Amino acid sequence: QVQLVESGGGLVQPGAFLRLSCEASGFTFSSYAMAWFRQAPGKEREFVAAVRWTSSTYYASFVKDRFTVSRDNAKNTAYLQMVNLQPEDTAVYYCAATRNWVRQRVDDYNYWGQGTQVTVSS
């Protein structure tokens, strides 16, 4: 049974730091690219960042060096480190897995987690 379980979200003030984790099971993690998407209320789900099985990375243009995606194949876990968070970063953050590289469309991903809420507010 495939599972992606995100954690690490929460309520933070502008300028804060968060590190999201995505623990995977039920598939060969090291053979998949892992990505993070986010969905704000009333908006479509959008691509944030992806990390290949080789640890190559790709980011959406709006990230602007504030986010860092990584993975630990030994722990079957992907991470999204976010610094200088702003209110516009408020969203549910999802991790997803795909056998292809590099993909930014929701439809290109085979497996999804349930999401973790990130709220940035003063």
| request: Quick one: compute the contact order of the chain, relative version, from alpha carbon pairs under 8 angstrom and 6+ residues apart, as a percent. | output: 36 percent
| query | Can you give me the Cα centroid spacing of the range 84-122 and the range 1-55 in angstrom? | reply | 5 Å
| Residues listed by number, the range 1-20, amide nitrogen under 14 Å from Q81 label point at 7 Å toward C-beta | 17-20
| task | Give the value in nm², to one decimal: projected area of the alpha carbon convex hull of the chain, averaged over all directions. | result | 6.8 nm²
| Selection from V48, N84, S30, by position along the positive dipole direction of the chain (Cβ) | S30
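Return the loop-located trypsin sites (Lys or Arg not before Pro) in the range 27-122 (DSSP other than H, G, I, E, B) with at most 11 other Cβ atoms within 10 Å of their own Cβ; answer none if there are none. Don't jump to the answer; show the numbers that get you there.
Numbers: sites: R38, K43, R45, R52, K64, R66, R71, K75, R99, R103, R105; in loops: K43, R45, R52, K64, R66, K75, R99, R103, R105.
Passing sites in the range 27-122 are K43, K64, R105.
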| field | In Å², nearest 10: area of F17 left accessible to a 1.4 Å probe | value | 110 Å²
| note | Residues whose built amide H sits under 5 Å from the amide H of T90, excluding neighbours closer than 5 in sequence, are V120
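The values are calculated or read from the model by the stated rules, or taken from the named source; none is laboratory data. Since this is a predicted model, take the numbers as computed values, not measurements. Using ideal geometry, Cβ is built from the backbone for each residue, glycine included, and neighbour counts are taken over all protein chains shown. Side chains included, ligands, DNA and RNA excluded: accessible areas come from the protein's heavy atoms. Shrake-Rupley method; radii C 1.70, N 1.55, O 1.52, S 1.80 Å.
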